[in-house]
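Beneath this line is the structure, given in structure tokens, with notes to follow.
The values are calculated or read from the model by the stated rules, or taken from the named source; none is laboratory data. Keep in mind that this is a model prediction, so the values were computed, not measured. Quick reminder, even Gly has a Cβ in these numbers, built from the backbone with ideal geometry, and neighbours come from all protein chains shown.
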Amino acid sequence: MAPAAVHPPIHPDTVAQTRDGLLPAESTAELAERFKLLADPGRLRMIYALLGAGELCVRDLAAVVGSSESATSHQLRQLRLAGLVRTRRDGRTVYYRIADDHVRTLLDVAAAHFLGGHPA
């Protein structure tokens, strides 16, 4: 299959100005990775549980979302590496919480837009 022909833009000044305002490719790739993490229903339920409780240990979070401790721990590790959750250790127990209020804001806006303001 031959590649599509590239035609010069009709409005080159607008194209150049718009292109200059785009996020750098590396930034868009990082942002897309964060959205991929939030696109998983299990992880999203964990985030909503943490938003509701403030903080939870793995065992309690697994009980809330109906998942195994191992699966919950694995998902939390991914969320932590992405900077979406933080941890606090109390003896041998690790507690997880949402990293900052921007996560809540992002989900509130998405829920209002896609679900009419009501999380399913």
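Against the condition surrounded by 15 or more Cβ atoms within 10 Å (Cβ to Cβ), at pLDDT below 95, of a type outside the set (S, T, N, Q) and assigned to a helix (DSSP H, G or I), how does LEU107 come out, does it pass?
yes
Within the stretch 54-83, track down each residue that is among the small types (Gly, Ala, Ser) and under 18 Å from the mean Cα position of the chain (by Cα).
GLY54, ALA71, SER73, ALA82, GLY83
So how many residues does the stretch 79-98 have that are among the aliphatic types (A, V, I, L, M) and exposed (fewer than 14 other Cβ atoms within 10 Å of the Cβ)?
So the count comes out to 1.
Can we say ALA29 is under 30 Å from the mean Cα position of the chain (by Cα), within 30 Å of ARG80 (Cβ to Cβ) and surrounded by 10 or more Cβ atoms within 10 Å (Cβ to Cβ)?
yes
Show me the helices (runs of 4 or more DSSP H) entirely contained within the stretch 12-99 in which 3 or more residues are under 26 Å from PHE114 (Cβ atoms).
The helices (runs of 4 or more DSSP H) meeting that bar are 25-38, 41-53, 58-65, 69-81.
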